[in-house]
Structure formats: C-alpha cells, structure tokens
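What follows is a short report on a single structure.
The values are calculated or read from the model by the stated rules, or taken from the named source; none is laboratory data. In this text the structure is predicted, and so the values were computed from the model without any measurement. When we count neighbours, we look across all protein chains shown, and the Cβ atoms used for this are built from the backbone with ideal geometry, even at glycine.
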Ligand code: NAD
C-alpha cells in the first residue's frame, strides 16, 4: 500500500504558481458568515495557501444573522470590484440564507469554488471545458494524475452524489473515459458496487462506512470524508488501517484530499485571473 500524499503535492502545486502570481497580482475574496469552527479552520488554511502562493487574500466577515439581501449586496459589490479576481462564500450558511441563490449570485468568471451552474455546465462538455471545476474534484484528479494512476477504461465507483463532490467528480472521471458508477444513500447494495472499483472515491461523511470487505485487492481508494471520531480526531469515511492493507494506493485523512482542495482553489484563482487578463 502506498499513500497518496495530498499534503506534499498541495505544497508543490502552490509553490508552482508563485511566479505567475508575482506577475498577475491575483486577489481572492472570501466571505465568511458566523463562527462555525470547521469553516474558520478551512478559511485559515485558504489564507495560508494564498500567502504561500503570493495571492492577496481579503476576508469579509459577517454575523450569523446576516440577511439574504445584505449577503447578495456584498457579492454584487465584489463581483463589480475589478481588483477582485476570485470570490468564494464559505459554506455552510445559516438557515435564513437560500444557498442556491448565493451560488448563482457569484460572477461565473470569479467563481473559483466552481459551484456556479455555468461552470458546472461547461464541465459536462469535455476536460478542455473544465475552466473552473469544483475545487475538491479538481484536487482529486490532480492527485491521481501526479501518481500516474490511469483513469481511462477503469471502473470508477463514487460514493456520494453531492453537487460539490460526488456529481462533479463522477463527470470528471467520465470526461477521462472511466466507466463510472455513482452510489448514494438510496443505492441498494453498496458493497456490490464498491467491490468492483479499480478507483473508489468516497464522499459521504460517515466514519468507517467503507470496510475492508467492500474493497477489491489493489484498488485505489480516495477518501474525501471529514469526520470527528469519538476521541475528537479528524477521520475519513474509510477504515484506513484495514482498507490500507488491500489498497494499492490510499489517501490519508488528514493529509489527503483536504490539502488538495486548497491547492485546487489556488489553481482556480490563478486560472480565473489569467482569463480575466486574457493571458
Ligand atoms: P453531502 O454531505 O452533501 O452528502 C452526503 C452524500 O452521501 C449524499 O450523496 C448521500 O446520498 C450519501 N450518503 C449518505 N449516507 C450514505 C450511505 N450510507 N451510503 C451511501 N451513500 C450515502 O456530501 P458532501 O458535501 O460531498 O460531503 C461529504 C463528505 O466529504 C463530508 O464528510 C464532508 O465534510 C467532506 N468534504 C471534504 C472535502 C475536502 O476537501 N476533503 C470537501 C468537501 C466535502
């Protein structure tokens, strides 16, 4: 078993854009609502990555009781601000906010999280149209590519069908000519599917959902889940110890997909800035 080291690759990717950042002076604006500890930790990592890459980082903090109207107003302002190249609204948002409207409000050209329907729709066409793909799926593809893991013709099984991970990574795998199965909470016999996977990608949010008997010998296992176990430690959706013994490659949690998501956000910010400057 070998580890897919997302932490090391993430640092390498972030360092690789420094020269471009020096020329382009990109700016990333981050809207943070409330004080959700996980969101605050994610945002801290994004800030650190921007600093490392040489991207200007601007944070806009709002209290939990912000109205939909004020939030949309701030997004509009940042959309129109030419000094801002990338704009993200950290999720989750409080109950009174209607998330689809917030996602729709971000200008597609600045949507470096890749959540807007315009960017998602383009992604359906082919890899060449994945201009600003969602950050986590882009991070996963970069990780597989770095380790020269073939995708074409492989059986890829994705567990989870969210709009930000499961569905877009399924599409990106299909774009690369994998045979893709997407499983979710209503899948009848999950292990019948996971056992066929050459590449198994799990994005559910349930500790130890994937056990060793559900994985084929030699499979590549990508664990997107981020959970806290009974001891409060960060863990994924895969039983790492047992599955690791069968897998050819596996991502650790932490240190796998998480840092790759941050690196992908940095790559998207550079991409968005280049496109805005017609580079
Ligand atoms: P979500 O929380 O929106 O949805 C969960 C998905 O899992 C759904 O598609 C649901 O149908 C499926 N599911 C639930 N129970 C299941 C079961 N028993 N069997 C099969 N499928 C089941 O999904 P999300 O936002 O993609 O998040 C999933 C996990 O990934 C969470 O732990 C989240 O914290 C983590 N995450 C990590 C990163 C990262 O950068 N590492 C990024 C995004 C999300």
**Request:** Looking only at the stretch 8-17, count how many residues are in contact with a helix residue (DSSP H, G or I) (Cβ under 6 Å, 6 or more places away or on another chain), more than 22 Å from residue 219 (Cβ to Cβ) and part of a helix (DSSP H, G or I).
**Result:** 3
**Request:** All but one of (1) surrounded by 15 or more Cβ atoms within 10 Å (Cβ to Cβ); (2) part of a helix (DSSP H, G or I) hold for residue 252, so report the exception by its number.
**Result:** (2)
**Asked** Any chance the stretch 137-145 includes a residue that's touching a strand residue (DSSP E or B) at 6+ places or on another chain (Cβ under 7 Å) and within 12 Å of the ligand (Cβ to nearest atom)?
**Response** yes
**Complete:** Residue hits (the stretch 225-248; in contact (Cβ under 8 Å) with a residue 24 or more places away in the chain and surrounded by 17 or more Cβ atoms within 10 Å (Cβ to Cβ)) are 225, 226, 235, 236, 237, 238, 239, 243, 244, 246, 247
**Fill in**
Across the stretch 211-239, the tally of residues that are assigned to a helix (DSSP H, G or I) and in contact with a strand residue (DSSP E or B) (Cβ under 7 Å, 6 or more places away or on another chain) stands at 0
**Item:** Test result for residue 180, within 15 Å of the ligand (Cβ to nearest atom) and buried (at least 23 other Cβ atoms within 10 Å of the Cβ)
**Value:** no
**Prompt:** Give me the pairs: first residue in the stretch 125-148 and farther than 24 Å from residue 8 by Cβ, second residue assigned to a loop (DSSP other than H, G, I, E, B) and away from the ligand (no atom under 13 Å from the Cβ), beta-carbon distance under 7 Å, and six or more apart or on different chains, which are they?
**Reply:** 127/176; 132/111; 132/112
**Residue in the stretch 34-77 that is modelled with the lowest pLDDT, counting only those that are more than 19 Å from residue 264 (Cβ to Cβ), within 16 Å of the ligand (Cβ to nearest atom) and part of a helix (DSSP H, G or I)** = 37
**Request:** Could you tell me whether any residue of the stretch 112-123 is surrounded by fewer than 16 Cβ atoms within 10 Å (Cβ to Cβ) and touching a strand residue (DSSP E or B) at 6+ places or on another chain (Cβ under 9 Å)?
**Result:** no
**Request:** Quick one: in the stretch 183-207, of everything that is part of a loop (DSSP other than H, G, I, E, B), away from the ligand (no atom under 11 Å from the Cβ) and within 23 Å of the chain's Cα centre (by Cα), which residue is surrounded by the fewest Cβ atoms within 10 Å (Cβ to Cβ)?
**Result:** 198
**Request:** Among residues belonging to the stretch 146-170 that are more than 14 Å from the ligand (Cβ to nearest atom) and out of contact with any strand residue (DSSP E or B) (no Cβ under 6 Å at 6 or more places or on another chain), point out the one that is nearest to residue 4 (Cα to Cα).
**Result:** 147
